[in-house]
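Novice: For reference, the structure I am asking about is given below.
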Amino acid sequence: MKLIIMGAPGAGKGTQSAKISEKWNIPAVSTGDMLRAAVKEGTPMGVTAKSYMDAGQLVPDEVVIGIIKDYLSSDQCSNGFILDGFPRSIPQAEALDAMGVKMDAVLSIEVPDEKIVERMSGRRICSGCGASYHVLYNPPKATDVCDACGASLYIRDDDAAETVLKRLNTYHGTTEPLKDFYAAKGLLICVEGREKVEDTTAAVMQALSQFEA
Ligand code: AMP
């Protein structure tokens with residue numbers, strides 16, 4: 001199974017890709033997570049990426065295309081993979097095609113903008129393992145502590161309200177046209193992102209059941 005997950009920032013891509021990864025036993029790669037790791041380590045790529053991320057803009061295509069090229073050539077991808085947050089522009093999708101990667105499906109999680117803004121303000125991320133929580137919809141058992149690894153939770157810099165609006169603009173302007181791009185290839189599957197994580201997961205699993213052996 002080679003799957004792309006797309007959706008507005010905060011639509012639940014990371015949460016659902018973790019569920020699919022577990023169920024299908026295939027790795028999930030998030031370009032956002034990789035870029036945040038590079039920012040944290042202060043690598044040259046991280047320094048370049050940070051200014052774009054903080055401004056709610058996309059990191060230049062050549063940077064993320066390079067990350068994905070390295071990742072897809074690794075052994076762990078031989079049985080399939082989930083791309084979470086890549087591609088995010090038509091040139092990135094064309095680069096994926098040029099790498100000879102044939103995707104099985106592109107899953108778009110659809111959530112209205114007003115809901116996105118509400119969600120992002122409650123989002124908390126684990127500083128240890130990157131797990132994602134929401135203070136109302138998916139709270140950790142202990143406040144600001146990760147259930148999975150016990151590390152502290154934090155609010156992402158780019159989840160600030162003003163940046164969220166910019167990221168939504170970027171999504172609609174640059175990423176959403178990918179829906180037509182993949183619909184034309186017969187790969188697009190749209191699923192409505194629900195309030196409860198488990199409801200969205202059920203809809204996602206139902207949509208993907210057609211690919212089960
Ligand atoms: P995410 O965690 O997927 O919401 O990504 C966080 C930020 O990382 C985005 O707002 C972008 O600045 C950057 N980013 C992640 N994936 C990509 C991508 N495929 N292309 C360009 N920028 C990206």
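The values are calculated or read from the model by the stated rules, or taken from the named source; none is laboratory data. Computed from a predicted model, the values in this text were never measured in an experiment. Neighbour counts run over all protein chains shown; Cβ positions are idealised from the backbone, glycine included.
Novice: From the list 104, 84, 54, exactly one residue is charged (D, E, K, R) and over 26 Å from residue 204 (Cα atoms). Which is it? If you could, list the steps in order and put the result at the bottom.
Specialist: On the way: 104 fails: over 26 Å from residue 204 (Cα atoms); 84 fails: over 26 Å from residue 204 (Cα atoms).
Every option except 54 fails the conditions.
Novice: List, please: which pairs have Cβ atoms under 8 Å, are six or more places apart or on different chains, and start with a residue in region 150-168 that is under 8 Å from residue 56 (Cα atoms) and end with one that is of a type in the set (Asp, Glu)?
Specialist: From residues that are under 8 Å from residue 56 (Cα atoms), the pairs are 158/54; 163/54; 163/157; 164/158; 167/158.
Novice: Inside region 137-158, can you point out the residues that are exposed (fewer than 14 other Cβ atoms within 10 Å of the Cβ) and touching an Asp or Glu at 6+ places or on another chain (Cβ under 9 Å)?
Specialist: Within region 137-158, 141, 152, 154, 157 meet the criteria.
Novice: Test of understanding: among 212, 162, 198, 192, which residue is modelled with pLDDT of 95 or more and among the acidic types (Asp, Glu)?
Specialist: Numbers: 212 fails: modelled with pLDDT of 95 or more; 162 fails: modelled with pLDDT of 95 or more; 198 fails: modelled with pLDDT of 95 or more.
Sole residue among the options that is modelled with pLDDT of 95 or more and among the acidic types (Asp, Glu): 192.
Novice: I would also like to ask the following. Please go through region 165-201 and give me each residue that is farther than 28 Å from residue 136 by Cα, away from the ligand (no atom under 16 Å from the Cβ) and in a helix (DSSP H, G or I), ordered by number.
Specialist: Of everything in region 165-201, those that are farther than 28 Å from residue 136 by Cα, away from the ligand (no atom under 16 Å from the Cβ) and in a helix (DSSP H, G or I) turn out to be 180, 183.
Novice: Only one of 116, 109 is within 20 Å of residue 27 (Cα to Cα) and under 19 Å from the mean Cα position of the chain (by Cα). Can you tell me which? Reasoning before the result, please.
Specialist: Details: 116 fails: within 20 Å of residue 27 (Cα to Cα).
Every option except 109 fails the conditions.
Novice: Residues in region 136-164 that are within 13 Å of the ligand (Cβ to nearest atom) and not acidic (Asp, Glu): how many?
Specialist: 4
Novice: Which of the numbered conditions does residue 49 fail, given that it passes all the others? Conditions: (1) touching a strand residue (DSSP E or B) at 6+ places or on another chain (Cβ under 7 Å); (2) within 16 Å of residue 88 (Cα to Cα); (3) outside any loop (DSSP other than H, G, I, E, B); (4) not acidic (Asp, Glu).
Specialist: Result: residue 49 fails condition (1) only.
Table: residues versus (1) exposed (fewer than 15 other Cβ atoms within 10 Å of the Cβ); (2) more than 30 Å from residue 199 (Cα to Cα).
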| residue | (1), (2) |
| --- | --- |
| 10 | no, no |
| 14 | no, no |
| 22 | yes, no |
| 35 | no, no |
| 39 | no, yes |
| 47 | yes, yes |
| 54 | yes, yes |
| 74 | yes, yes |
